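Shown next, in structure tokens, is the structure this report addresses.
The values are calculated or read from the model by the stated rules, or taken from the named source; none is laboratory data. These numbers were taken from a predicted model, which means no experiment stands behind them. FYI the Cβ positions are ideal-geometry reconstructions off the backbone, even for glycines, and counts take in every protein chain you see.
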Amino acid sequence: MRAAVRILLALVLLGAVSACAHVSDAQPAVSLDGKWNVFVTFANGSSAAEMTLTQTGNEVEGQSGPLDENRYFPLTLRGRRSATYVRLAVTRGTTFVGNITFNMETANSELLEGFGELYGVTVQVVAARTVVNTQAPAVHDYAPTTFFLQYSARHKPGLTVYPGDTVRTFTLDNEGRDKQLKYRGMPGNTLTGPIFVTGAMPGDTLVVKLNKVSLNRDVAHMASSGLDGRALLPGATQTRTPNWNRNWVLDRERGVARPETPTDNLANLELPLKPMIGSIGVAPMFNQALMAGDVAFHGGNMDYDRVTTGATLYFPVWTAGALLSLGDGHALQGDGEISGQGLETSLDVEFTVDLIKGDALSQVWLEDADYVMMTGIENGLDASLQRATTGMSQWLKKRYGLSDSEIALLLSASIEYDIAEIVDPRPNIVARIAKSTLAMLKPLN
């Protein structure tokens, strides 16, 4: 991608609403003081962070969050300003790692652009003030035409929204089919998105309130005719029925699902529908591209049946705009998704996004009318339970100021655990605590 195209993309992503204006001698000098959202692009990708600058005379200094591709190292900036440029030396601790130059002839009070070199790599740079949306929250009817199979910061956003906006959209099923069973994307938990949330920066928390998660067709499919080996003892054998019909009928009027061609043993089987989003998350840390069927600190294929109408999810933001994606709709799923599938189907979804600045917990948590829930995603069931419990403990300290002994007393008497998912690359154990219990505590704020 040519440098000019990269700069244009960065301006759009950062929510810049006007072109850079020429600053004549008659105009007041652009103030550098304060906070900027800085976005760098380079041949292999991009990075973003918050930058704070202070100018004293012609001297400029400041601090920036990490701008290397994996976002490891915070930076210190020092340099001088002239009538035409600001040139800043960039150090990591005491080690010189590069320089950034902003063009002051094209700068305005909201936007700087420039170039530089970081860690020996040529970069294009855009810095923008935090965009404040002065319009009323908008409702976006988003009908995507392109779908992805990975959570990645390198995918071009399909929609840009502001905090407070609502999105009405649809998802495909896990095989890439829409409500007419027409293929619209490749199979593999096909994702709608990504959606760029203006102002979201690494270290923030993206809030997603699910206003409606509803079925939009009358059939679902389960690909497997047996249980996943991870749900059974090693060496356990299964005899699978040949030509097993894995389709389900979704009776939306009665609110139940039943096998399309049940055996005599299952002739009376009807289960209550509970539409849920299997895979929902943001672009992951370290500029990774993780498949839609994977699950980690970005969310992803959490397969938790409480991710449904009325739930609010809280995602740590790892990249500019957060880049929210969702898919893998289920009409119903048992705990653990122990066959590898739920009742796979497409969905209509409506959600509202919001943003909490500078307040990220390093794992996804959620709440509904009854519970606060903490995901635990690690490399084994024991470690996942430990992650969920640790996250809940940190959340209680942050929200209520509880001591470790108070947390031990509270959780040992009241915590509940759900085995949400065991067949993904990492299992998901969810710890939850009732809001009726939390109502007896005194929050810090």
Tell me, which residue of region 229-264 that is under 24 Å from Asp348 (Cβ atoms) and among the charged types (D, E, K, R) is modelled with the lowest pLDDT?
Arg246
Inspect region 387-401 for any residue being modelled with pLDDT of 95 or more and within 21 Å of Gln333 (Cβ to Cβ) and give the result as yes or no.
yes
May I ask you to verify whether Ser362 is out of contact with any Leu (no Cβ under 7 Å at 6 or more places or on another chain), hydroxyl-bearing (Ser, Thr, Tyr) and assigned to a loop (DSSP other than H, G, I, E, B)?
yes
I'd like to know if region 273-286 contains one or more residues that are exposed (fewer than 15 other Cβ atoms within 10 Å of the Cβ), assigned by TED's automatic domain parsing to the domain that holds Thr345 and more than 22 Å from Asp348 (Cβ to Cβ).
yes
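Could you grab me the full set of residues in region 316-343 that are among the acidic types (Asp, Glu) and either in contact with a Lys or Arg (Cβ under 6 Å, 6 or more places away or on another chain) or surrounded by fewer than 24 Cβ atoms within 10 Å (Cβ to Cβ) (or both)? Don't jump to the end; show me each part of the working.
Pass one, region 316-343, residues among the acidic types (Asp, Glu): 328, 335, 337.
Correct list: Asp335 only.
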Can we say Leu355 is buried (at least 24 other Cβ atoms within 10 Å of the Cβ) and not in a loop (DSSP other than H, G, I, E, B)?
no
Criterion (among the hydroxyl-bearing types (Ser, Thr, Tyr), within 22 Å of Pro157 (Cα to Cα) and at pLDDT below 95) met by exactly one of Ser31, Ser47
Ser47
For Leu313, indicate whether it is crowded, with 24+ Cβ neighbours inside 10 Å and out of contact with any Phe, Trp or Tyr (no Cβ under 6 Å at 6 or more places or on another chain).
yes
Residues located in region 292-310, provided they are within 11 Å of the chain's Cα centre (by Cα), in a loop (DSSP other than H, G, I, E, B) and surrounded by 24 or more Cβ atoms within 10 Å (Cβ to Cβ):
His298
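List the strands (runs of 3 or more DSSP E) that sit entirely inside region 111-228 and contain at least 1 residues that are at pLDDT 95 or above, surrounded by 20 or more Cβ atoms within 10 Å (Cβ to Cβ) and more than 21 Å from the chain's Cα centre (by Cα). Talk me through it step by step, then tell me what you get.
On the way: elements: 111-118, 121-128, 139-141, 150-152, 159-161, 166-171, 191-197, 205-215, 219-221.
In region 111-228, the matching strands (runs of 3 or more DSSP E) lie at 111-118, 121-128, 205-215, 219-221.
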